[in-house]
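K.L.:
Below is one structure. I have some questions about it.
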Amino acid sequence: MIVMLANKNILIAISGGIAAYKSIFLIRLLKKHKANVKVVLTKSAQNFVTPTTLQAISGNSVFVDRDEQNQDLVMEHIDLAKWADLICIAPATANTIAKINLGIADNLLTSTILATEAPVIIAPAMNKYMYKRSSFQRNLQNLMSEENIFVLESNQGEQACGDVGLGRMQESEEIFNYINNFFNNSKEFLGIKVAITAGPTVEKIDPVRFLSNNSSGKMGYALAKSFAQKGADVTLISGPVLLDTPNNVSKISVESADEMYQASMDIAKNSDIFIACAAVADFKIAKLSNQKIKKNSDVDTLTLNLVKNPDIVKSVANLTEDRPFVVGFAAETENVLDYAKAKLKSKNLNMICANDVSNNKVFNQDINQITVLYKDKMVQFDTMTKEKLANKLADLIVTQWKEYE
C-alpha cells in the first residue's frame with residue numbers, strides 16, 4: 001500500500017462515545033506516516049479521552065470548547081476549518097451527526113464542520129437500535145448526499161452495552177486506510193471498465209401484476225460505489241430499486257430480464273470486467289395479457305404459462321470476441337457451494353460469489369457473507385456490511401482480472 005500522508009493537515013474530531021479510545025490509535029498511525037494532526041474534542045468526549053493524552057500523541061495542543069467567560073477574539077473554528085486538508089469525525093455520535101445534518105453549530109466541532117470546505121469523513125458509533133432508527137438513518141442519508149461528506153459504514157459486532165449488531169465504529173486501521181486512499185485519490189483502478197448488474201427484474205403478467213423477487217440491489221450498488229471510488233469507469237445496469245446512484249457511476253435503468261440482457265450484451269463487449277450481481281428472474285410470462293386478468297368465480301386456480309429468460313451471465317461468458325472477465329453470483333438456499341461450483345463450470349465463468357439466502361439472510365439486509373470460487377481456489381469472507389464486503393471483493397476481482405489478462 002502506498003502511503004500519501006506526509007505533510008497533510010488532518011483534523012481529528014472526537015465526540016462523546018466509548019469508541020473515542022480508538023481515535024488514539026488512529027492518531028498514532030497518522031503521525032507515524034508524517035501527517036500533521038490536530039484534535040478537536042467535545043465536552044462529552046473528555047469523559048472518555050483526555051486532552052493531555054491527545055496532545056502528547058498528536059504533538060499539538062488539543063482544541064476544546066471554551067467557557068464563555070474565557071472567549072477571546074481568536075476564531076478557532078475558522079482557523080481549523082481553513083487549516084485542515086481533511087477532517088475525520090471518529091467517533092461520530094448520533095447527536096453530533098444530527099447536528100451536522102441540521103446545520104447546528106453549538107460547539108467547536110460542529111462550528112468547524114459548518115465552516116470548512118475540506119472533505120469530512122464521518123465514522124458513526126452507537127448502539128444498534130440507535131443506528132437503525134429511521135430518524136438517524138434519514139440524517140445519515142442526507143449527509144451522504146452532500147458532495148464533500150463521506151460516511152463510513154459501521155461495523156457489525158459486539159457493542160459496549162452487550163448488544164450485537166451494526167453500529168460499531170470501524171477499527172483505527174480501517175479508518176486510516178480510508179484516509180490514505182482518499183489522499184492517494186484511490187485511483188488504483190483507473191482505466192478499468194466495469195459493468196455491473198444489480199437489483200431484481202420485473203416480469204409483467206398483465207398491466208397491474210408482475211413477477212419479481214426480494215433483491216434490494218444493495219450488493220450491486222455497493223460494488224459499483226467501490227469500483228468508482230477507486231477510479232474505475234463503472235456502468236451499472238439496474239432493475240427497479242430504492243437506492244441512489246453512487247457518485248461517478250453511469251446507470252442504465254431496466255425492468256425486465258430481456259431489457260437487462262440487451263443492455264448487458266451491449267455494454268459487456270466494451271468492458272474489462274462484467275459482474276452479474278442482479279437477481280434476474282429465470283422465467284417470464286409466455287404471453288403478456290393486454291388487459292387485467294379477471295377472477296372467475298367458478299375457478300379457484302390460475303395457471304400461468306412461463307418460458308425461460310435468457311441467461312445473461314452465461315451469454316456474456318460465452319462471447320467469442322471482446323469477452324470480459326466474468327463474475328457471477330449464486331444465491332442459493334441449500335447445497336450452496338455445490339451449486340456454485342456447478343455454475344462456475346457450466347456457465348464458463350472466471351469467478352463466482354456464492355451466498356446462502358435462506359431465512360432472509362441476504363435480501364434487503366445491510367450485511368452479507370459470501371464464498372468466492374475461482375480456478376481451484378476458494379476465498380471465504382465472514383459476515384460484514386455489504387459496503388465493506390464490496391471493497392474487499394473489488395480488490396480480489398481486479399487481482400484475478402490482471403492474471404486473466
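The values are calculated or read from the model by the stated rules, or taken from the named source; none is laboratory data. Remember, predicted model here, so these are calculated numbers, not experimental data. Neighbour counts are summed over all protein chains in view; Cβ atoms, including those assigned to glycine, are modelled from backbone coordinates with ideal geometry.
K.L.:
So Glu255 passes all but one of these: (1) part of a loop (DSSP other than H, G, I, E, B); (2) out of contact with any Pro (no Cβ under 9 Å at 6 or more places or on another chain); (3) surrounded by 15 or more Cβ atoms within 10 Å (Cβ to Cβ). Which condition number does it fail?
P.N.:
With (1) part of a loop (DSSP other than H, G, I, E, B); (2) out of contact with any Pro (no Cβ under 9 Å at 6 or more places or on another chain); (3) surrounded by 15 or more Cβ atoms within 10 Å (Cβ to Cβ) applied to Glu255, the lone miss is (2).
K.L.:
Further question: Could you tell me which numbered condition Val357 fails, if it satisfies all but one of (1) farther than 23 Å from Phe150 by Cβ; (2) modelled with pLDDT of 95 or more; (3) among the β-branched types (Val, Ile, Thr)?
P.N.:
(2)
K.L.:
Give all pairs with beta carbons closer than 8 Å in which a residue from region 91-102 that is closer than 18 Å to Asn155 by Cβ meets a residue that is of a type in the set (Phe, Trp, Tyr) and in a helix (DSSP H, G or I); count only pairs at least 6 apart in sequence or on separate chains.
P.N.:
Ala94/Tyr131; Ala94/Phe136; Ile97/Phe136
K.L.:
Working only within region 203-227, note down all residues that are under 15 Å from the mean Cα position of the chain (by Cα), buried (at least 23 other Cβ atoms within 10 Å of the Cβ) and of a type outside the set (D, E, K, R).
P.N.:
Within region 203-227, Gly217, Met219, Gly220, Tyr221, Ala222, Leu223, Ala224, Ser226, Phe227 meet the criteria.
K.L.:
Which one is surrounded by the most Cβ atoms within 10 Å (Cβ to Cβ) among residues in region 50-63 that are of a type outside the set (Gly, Ala, Ser) and under 13 Å from Ile12 (Cβ atoms)? Spell out how you get there, then give the answer.
P.N.:
At the first step, the residues of region 50-63 found to be of a type outside the set (Gly, Ala, Ser) are 50-55, 57, 60, 62-63.
Now narrow it down to the ones that are under 13 Å from Ile12 (Cβ atoms): 51, 53-55, 57, 60, 62-63.
On the way: Pro51: 15, Thr53: 14, Leu54: 27, Gln55: 14, Ile57: 20, Asn60: 13, Val62: 21, Phe63: 21.
Among those residues, the one meeting the criterion is Leu54.
K.L.:
Restricting to region 305-358, and then to whatever is in contact with an Asp or Glu (Cβ under 9 Å, 6 or more places away or on another chain) and of a type in the set (Val, Ile, Thr), can you tell me which residue is farthest from Ser215 (Cα to Cα)?
P.N.:
The residue in question is Val336.
K.L.:
Within region 166-196, how many residues turn out to be charged (D, E, K, R) and not in a loop (DSSP other than H, G, I, E, B)?
P.N.:
Let us first name the residues in region 166-196 that are charged (D, E, K, R), namely 168, 171, 173-174, 187-188, 193.
From what is left, the residues that are not in a loop (DSSP other than H, G, I, E, B) are 168, 173-174, 193.
Total meeting the criteria: 4.
K.L.:
Given (1) more than 19 Å from Glu405 (Cα to Cα); (2) hydrophobic (A, V, I, L, M, F, W, C); (3) touching a strand residue (DSSP E or B) at 6+ places or on another chain (Cβ under 6 Å), identify the lone condition not met by Leu349.
P.N.:
With respect to (1) more than 19 Å from Glu405 (Cα to Cα); (2) hydrophobic (A, V, I, L, M, F, W, C); (3) touching a strand residue (DSSP E or B) at 6+ places or on another chain (Cβ under 6 Å), Leu349 is out only on (1).
K.L.:
Within region 109-123, is there a residue that is polar (S, T, N, Q), touching a helix residue (DSSP H, G or I) at 6+ places or on another chain (Cβ under 9 Å), within 16 Å of Ala45 (Cα to Cα) and surrounded by fewer than 19 Cβ atoms within 10 Å (Cβ to Cβ)?
P.N.:
The answer is no, given that none of the residues of region 109-123 is polar (S, T, N, Q), touching a helix residue (DSSP H, G or I) at 6+ places or on another chain (Cβ under 9 Å), within 16 Å of Ala45 (Cα to Cα) and surrounded by fewer than 19 Cβ atoms within 10 Å (Cβ to Cβ).
K.L.:
Contact list please: Cβ distance under 7 Å, first residue in region 287-298 and surrounded by 10 or more Cβ atoms within 10 Å (Cβ to Cβ), second residue aromatic (Phe, Trp, Tyr), pairs at least six apart or on different chains.
P.N.:
That search, which allows pairs on different chains as well, returns nothing.
K.L.:
What's the total number of residues in region 216-232 that are in a helix (DSSP H, G or I) and either in contact with a Ser or Thr (Cβ under 9 Å, 6 or more places away or on another chain) or hydroxyl-bearing (Ser, Thr, Tyr) (or both)? Steps first, please.
P.N.:
Taking region 216-232 first, the residues in a helix (DSSP H, G or I) are 218-229.
Imposing the further condition that a residue be either in contact with a Ser or Thr (Cβ under 9 Å, 6 or more places away or on another chain) or hydroxyl-bearing (Ser, Thr, Tyr) (or both) reduces the set to 220-222, 224, 226, 229.
So the answer is 6.
K.L.:
Another question, then. Based on what the data block shows, is Lys341 surrounded by fewer than 18 Cβ atoms within 10 Å (Cβ to Cβ), free of Cβ contacts under 8 Å to residues at least 40 places away in the same chain, within 33 Å of the chain's Cα centre (by Cα) and over 20 Å from Val202 (Cα atoms)? Break it down into steps so the answer makes sense when it comes.
P.N.:
Details: surrounded by fewer than 18 Cβ atoms within 10 Å (Cβ to Cβ): yes; free of Cβ contacts under 8 Å to residues at least 40 places away in the same chain: yes; within 33 Å of the chain's Cα centre (by Cα): yes; over 20 Å from Val202 (Cα atoms): yes.
Yes; evaluated as a whole, the condition is true for this residue.
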